[in-house]
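What follows is a single structure, written as structure tokens, with notes after it.
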Amino acid sequence: MKRPKNFSAITPYLFVDAATDYIDFLKQAFNANELGRTVRDERVVNCLLSINDAMLFVSEATPEHPAMTTAIYLYVDHVEDSFKQAIEAGCKIETQISDMPFGDRLGGVRDPNGNIWWVSQHML
């Protein structure tokens with residue numbers, strides 16, 4: 001299977017309201033790096049970001065592709081620090097950080113657009 005460098009077989013694509021603000025939020029909350037942006041008529045039609053070693057697309061919602069919410073499982077090096085950073089950037093706590101029986105320490109946050117981020121550190 002061929003795919004672009006640094007992409008996995010599955011790459012999230014989020015349609016959101018206020019895409020420019022959401023992209024700024026991702027940078028602040030999860031240290032996202034913007035790799036490219038396409039804008040038409042002052043609307044973000046596509047923005048590619050990386051978070052750690054994962055790729056993520058963001059686009060401004062339209063009537064044809066309305067805003068929708070999802071849940072994203074994000075592995076980080078230090079769950080407590082990343083959880084706090086996400087809260088400071090505007091996320092609301094969904095679940096407090098706790099140890100899971102499958103070896104992850106994780107907490108859930110809900111971003112300003114309603115998406116849930118499971119911020120997780122693998123402990124095994």
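Values in this text are rule-based calculations from the coordinates and carry no lab data. Values in this document were obtained by computation on a predicted structure and should not be read as measured data. Every residue, glycine as well, gets a Cβ built from its backbone with ideal geometry; the counts of neighbours run over all protein chains shown.
Among 98, 59, 50, which one moves the most in a GNM of the chain with springs linking Cα atoms closer than 10 Å?
98
Under 22 Å Cα to Cα from residue 84, which lysines show up? Leave out anything in the same chain fewer than 8 places away.
Answer for residue 84, where 22 Å is the Cα cut-off: 27, 92, listed by chain and number.
So what is the calculated 222 nm ellipticity per residue for the chain, using -39500 (n - 2.57) for each DSSP H run with n of 4 or more, over all residues, to the nearest 500 deg cm²/dmol?
Theoretical 222 nm ellipticity from helices: -5500 deg cm²/dmol.
Could you check the spin-label model distance between residue 35 and residue 73? Points 7 Å from the Cα along Cα→Cβ, value in nm.
About 2.2 nm separates the two model spin labels.
Using only alpha carbon pairs under 8 Å that are at least six residues apart, calculate the relative contact order of the chain and give it in whole percent.
Dividing the mean separation by the residue count of the chain yields 23 percent.
Along Cα→Cβ, 7 Å out, is where each label goes; now give me the distance between the ones at residue 28 and residue 122 in nm to one decimal.
Taking the simple label geometry, residue 28 and residue 122 are separated by 3.1 nm.
Given the options 41, 99, 53, state which has the largest fluctuation in a GNM of the chain using a 10 Å cut-off (strictly under) for Cα springs.
Result for the chain, Cα springs under 10 Å: 41 fluctuates most.
Do any GluC sites (Glu not before Pro) in the stretch 40-76 lie in a DSSP loop with no more than 11 other beta carbon atoms within 10 Å, and if so, which?
On the way: sites: 42, 60, 64; in loops: 42, 64.
Within the stretch 40-76, the qualifying GluC sites (Glu not before Pro) (loop, at most 11 other Cβ atoms within 10 Å) are 42, 64.
When the chain is treated as a GNM, springs tying every alpha-carbon pair under 10 Å, which of 102, 25, 57 comes out with the largest mean-square fluctuation?
Of 102, 25, 57, the most mobile in the Gaussian network model is 102.
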